[in-house]
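To keep things clear, I will list the structure first and then write my remarks on it.
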Amino acid sequence: MIAIRKTIFTIFLGILAIALPAPAAESVRTITVHAKRYKFLPAEITVSRGEPVRLILISDDVDHGLAVRDLGIRADMPTGKRVEVTVTPDQAGDFKGTCSRFCGAGHGSMKFVVHVVDKAQPPG
Ligand SMILES: [Cu+2]
């Protein structure tokens with residue numbers, strides 16, 4: 001009787017192992033960027049070349065936009081919406097971004113910088 005119970009328990013564990021989804025092999029790094037008259041927060045981010053990064057863009061007041069031309073980023077940031085942009089930078093460097101939607105007197109001072117760095121090489 002005990003042996004049968006053990007067998008059933010073992011089978012149950014086996015089914016459980018099959019049924020449970022394997023953890024995602026790789027999750028995309030996510031950075032949330034807020035826009036608010038007249039700045040981006042954070043105003044600078046650092047990402048790795050060749051690694052996808054997902055930007056979650058949120059306006060905290062009026063309509064804004066984010067444009068980082070040299071990285072091919074251009075997204076509207078309408079008030080009250082959450083906008084996602086995924087980008088995989090293929091070159092290292094500092095890339096300047098601006099607000100792409102006129103949002104008032106300080107619109108021109110809304111700056112954003114993406115630092116793209118080469119991934120650290122493992123030692124040896
Ligand atoms: Cu703006």
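Read-outs: derived from the displayed coordinates by stated rules, not from any lab. Values in this document were obtained by computation on a predicted structure and should not be read as measured data. No Cβ is skipped: glycine too gets one built from the backbone with ideal geometry, and neighbour counts run over all protein chains shown.
Quick look at the numbers
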item	result
Selection from region 67-90 of residues that are of a type in the set (Asp, Glu) and either surrounded by 17 or more Cβ atoms within 10 Å (Cβ to Cβ) or farther than 12 Å from Leu57 by Cα (or both)	Asp70, Asp90
Filter result (more than 16 Å from the ligand (Cβ to nearest atom) and part of a loop (DSSP other than H, G, I, E, B)) within region 65-123	Gly72, Thr88, Pro89, Asp90, Gln91, Ala92, Asp118, Lys119, Ala120, Gln121, Pro122, Pro123
Unmet criterion (only one of (1) in contact (Cβ under 8 Å) with a residue 24 or more places away in the chain; (2) within 16 Å of the ligand (Cβ to nearest atom); (3) in contact with a His (Cβ under 9 Å, 6 or more places away or on another chain); (4) not β-branched (Val, Ile, Thr)) for Pro42	(1)
